[in-house]
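In what follows, a structure is listed as structure tokens, so that the remarks can point back to it.
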Amino acid sequence: MKRRFMLVLCFMLVVSLFTAGSNDGVEAKQKQKKKANVKPGVEVLIEDHLDWLEGKRVGLITNPTGVDRELNSTIDLLYEHPDVNLTALFGAEHGIRGDQEAGEYVESYIDEETGLPVYSLYGSTWKPTEEMLEEVDVLLFDIQDIGSNVYTYIYTLGFAMEAAGEMDKEVIVLDRPNPIGGERVEGPLRSEDAVSFMGRFLLPVRHGMTPGELATMWNHEYSMGVNLKVAKMKGWKRDMHFEDTGLPWVQPSPNIPTQESAYLYAGTELVDDTTLSTGLGTTKPFEQVGAPWIDAEALAEEMKSRDLAGVNFRPAYYTPMFGKYQGERVAGVQVHIEDPSAINLVALGLHLVDAMRDQNPEEFDMTESYTNLIGSTEVPGMILDNQPVSEIMQSWEDEQQRWVKEVRNNYLLYGPYPKGAKPYKGQPVLGIFPLDLSAAPGESVDLTVKGYTKNGERMQISEEAVLWEVEGISGHVEEGTFTAEENGTGTLYATYEELTAERQAVISTPALENIRYGIHSSYSRIVLDLNKTTTNYELERETDRLFINIPYGAIQGELDPEGGTIQVSNSPVISEIDYYQQDDNIVVALHVDEAVEYETPAFSSRIVLDLQH
């Protein structure tokens, strides 16, 4: 009995020691995983930088993610602050209240809560117009991004910067975390031949930067000449994911309801623009993927066999309530996150596409838009040719790493910094305007150079103080005017003191290739498809005609070069469209209602008129 008691006592002692050690390990891990207390840019602005807004009229670009740590809206914080003169609100995709669906045309209106005008930057225009900025001196940007190069909010920031540079407005980014971390960079660097909404801002699929870092990089790399400031976060580090920040989660858009969907989006979004489903129309979009013809069990086993770090898979079945395969039973997998820091999201997306295509190649197909999704003109063909994922990823590795080391790493605001990189310190910036420099042979374009010191003070730059250089193109600059000579593409360099800015120049004859129209509930959209971006056209109004004159142009493509007439049906404000050549000009005449009003949203390689009903 005594012996048994001693054995029990020894056993309990061993268990006690083991448990104590185990608890110590658990407590150590808990301490390691203890959430930080990251302070977002809006709080930093109000606490430390209100002098940036002193005496200025403030415009705010935001949505429901614009909140402080106590979930107080940035709109309310600024509108109610006695030292802030908030005069206008601007909404990106989904609107400032986040209640618009993806891709839905967002109208401008008056906000019921504040009485302020709300201007849409995802409707008739992507860039703030002169009228929108009439009562604004400084634009603030406060929206949570999710780290993917096809998520539109960062490009709304880019277009706002373009307008600010052109109209001498300031921009302040109220910075927020990259929720999928700031260390990993994945995917091909976007090709100039694979852009749509992204415009001039070429990024890899996963960029690993915050909005403030992106804005800083764009300002320098694209010679935007913007008076830019960043209200930097306090406490954020590059190795953090959103769950590490201590910040409250607010879904950034209707189809990103959870942190998991936000984290996986940059990877599983690569399933889109094919005959596969990303899970839209379910409660777990971008967490579950598939198609009606997939064998879910076999797919789960195949994905597990590929040994992708940080994730696991289970068979999943779902019936989308809207979108692709609405009302149909879809089979596939749900992606479960095990270690977010280990996941290569682009590899995950491409392996999912590869495995599902292999199950039934005859059912698999992709749209032309996949080029814009992946950002490469080569990758879609490689996928369709069944090339191994490893070879596809190797195809962009050198260019991506060169961009990371030579460009991205120069503009990082937060540590820990990659090897060889240093924190960005304020630098002066120089810009060349117009931002899109395009001319026909014989045409002249007036150039303007603007600059700001690292302290945000406007440089007083005289025309005579700028040294111009033209490279790779037939044209010259004299007294601040560029004169185009022969077709081609090259670069203009402007040097002022120790600063140099550059601008790509395109010399080509503008060609009208097609005329299209679409009738919507509140407007009729007329689209003139051109071979290049053209901004020097003129609009003239007569009683029942609206004339568009494009100088130095020619008619080609799907249109009759001799001219013609296009009948417009089902529109209450326009009946037909005439087009013809007049000397060296293209003339397009819209037969419109004499009282019609119109807007001219800016698009690449198009002239667009929205005739209001």
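The values are calculated or read from the model by the stated rules, or taken from the named source; none is laboratory data. Here the structure is a predicted model, which means the values were calculated and not measured. Note that each Cβ is placed from the backbone with ideal geometry, even for glycine, and that neighbours are counted across all protein chains shown. When the accessible area is computed, the model is the full protein with side chains, heavy atoms only, and any ligands, DNA or RNA have been set aside. Shrake-Rupley method; radii C 1.70, N 1.55, O 1.52, S 1.80 Å.
Quick one: in the stretch 440-462, of everything that is hydroxyl-bearing (Ser, Thr, Tyr) and outside any loop (DSSP other than H, G, I, E, B), which residue is surrounded by the fewest Cβ atoms within 10 Å (Cβ to Cβ)?
Among them, the one singled out is Ser444.
Inspect all residues belonging to the stretch 466-473 and state whether any of them is surrounded by 16 or more Cβ atoms within 10 Å (Cβ to Cβ), in a loop (DSSP other than H, G, I, E, B), free of Cβ contacts under 8 Å to residues at least 40 places away in the same chain and more than 28 Å from the chain's Cα centre (by Cα).
Checked against the condition, which is being surrounded by 16 or more Cβ atoms within 10 Å (Cβ to Cβ), in a loop (DSSP other than H, G, I, E, B), free of Cβ contacts under 8 Å to residues at least 40 places away in the same chain and more than 28 Å from the chain's Cα centre (by Cα), the stretch 466-473 yields at least one hit.
In this structure, is Gly55 over 30 Å from Trp249 (Cβ atoms), out of contact with any Cys (no Cβ under 7 Å at 6 or more places or on another chain), at pLDDT 70 or above and surrounded by fewer than 12 Cβ atoms within 10 Å (Cβ to Cβ)?
Answer is yes for this residue.
Name the single residue that is most open to solvent (accessible area, probe 1.4 Å) among those in the stretch 149-169 being among the hydrophobic types (A, V, I, L, M, F, W, C) and under 13 Å from Asn227 (Cβ atoms).
Among them, the one singled out is Met167.
For the structure I just gave you, tell me whether Arg503 is open to solvent by 70 Å² or more (accessible area, probe 1.4 Å) and under 21 Å from Glu162 (Cβ atoms).
For Arg503, the condition - open to solvent by 70 Å² or more (accessible area, probe 1.4 Å) and under 21 Å from Glu162 (Cβ atoms) - is not met.
Look through the stretch 536-571, keep the residues that are touching a Ser or Thr at 6+ places or on another chain (Cβ under 8 Å) and touching a residue at least 24 places away in the same chain (Cβ under 8 Å), and return whichever of them is most open to solvent (accessible area, probe 1.4 Å).
Only one residue tops the list, namely Tyr552.
Do any residues in the stretch 66-82 that are touching a residue at least 60 places away in the same chain (Cβ under 8 Å) have Cβ atoms under 8 Å from those of residues that are open to solvent by 70 Å² or more (accessible area, probe 1.4 Å), where the two are at least six apart or on different chains, and which pairs are they?
Cβ pairs passing all conditions: Arg69/Asn37.
Test each condition in (1) charged (D, E, K, R); (2) free of Cβ contacts under 8 Å to residues at least 40 places away in the same chain; (3) assigned to a loop (DSSP other than H, G, I, E, B) for Arg238 and report the one that comes out false.
Answer for Arg238: the failing condition is (2).
Just to be sure before I move on: is Leu214 open to solvent by 10 Å² or more (accessible area, probe 1.4 Å) and out of contact with any Phe, Trp or Tyr (no Cβ under 7 Å at 6 or more places or on another chain) in the structure I sent?
No.
Identify all residues within the stretch 310-325 that are in a loop (DSSP other than H, G, I, E, B) and either open to solvent by 60 Å² or more (accessible area, probe 1.4 Å) or in contact with an Asp or Glu (Cβ under 7 Å, 6 or more places away or on another chain) (or both); write none if there are none.
Correct list: Gly310, Thr319, Met321, Phe322, Lys324.
Which residues, taken from the stretch 358-378, are crowded, with 20+ Cβ neighbours inside 10 Å and under 26 Å from Asn312 (Cβ atoms)?
Residues satisfying the conditions are Leu373, Ile374.
Name the residues in the stretch 125-183 that are over 30 Å from Lys237 (Cβ atoms) and not in a loop (DSSP other than H, G, I, E, B), would you?
Glu162, Ala163, Gly165, Glu166, Met167
What tally of residues in the stretch 326-357 results from selecting those that are open to solvent by less than 50 Å² (accessible area, probe 1.4 Å) and part of a loop (DSSP other than H, G, I, E, B)?
2
Thr483 fails exactly one of the following numbered conditions: (1) more than 30 Å from Thr509 (Cβ to Cβ); (2) modelled with pLDDT of 95 or more; (3) not basic (Lys, Arg). What is the number of that condition?
(1)
Only one of (1) at pLDDT below 95; (2) of a type outside the set (Phe, Trp, Tyr); (3) surrounded by fewer than 14 Cβ atoms within 10 Å (Cβ to Cβ); (4) under 25 Å from the mean Cα position of the chain (by Cα) fails for Leu437. Which number is that?
Result: Leu437 fails condition (3) only.
Within the stretch 182-197, restricting attention to residues that are surrounded by fewer than 20 Cβ atoms within 10 Å (Cβ to Cβ), within 25 Å of Phe603 (Cα to Cα) and in contact with a helix residue (DSSP H, G or I) (Cβ under 9 Å, 6 or more places away or on another chain), which residue is modelled with the highest pLDDT?
If we take residues in the stretch 182-197 being surrounded by fewer than 20 Cβ atoms within 10 Å (Cβ to Cβ), within 25 Å of Phe603 (Cα to Cα) and in contact with a helix residue (DSSP H, G or I) (Cβ under 9 Å, 6 or more places away or on another chain), then Ser191 is modelled with the highest pLDDT.
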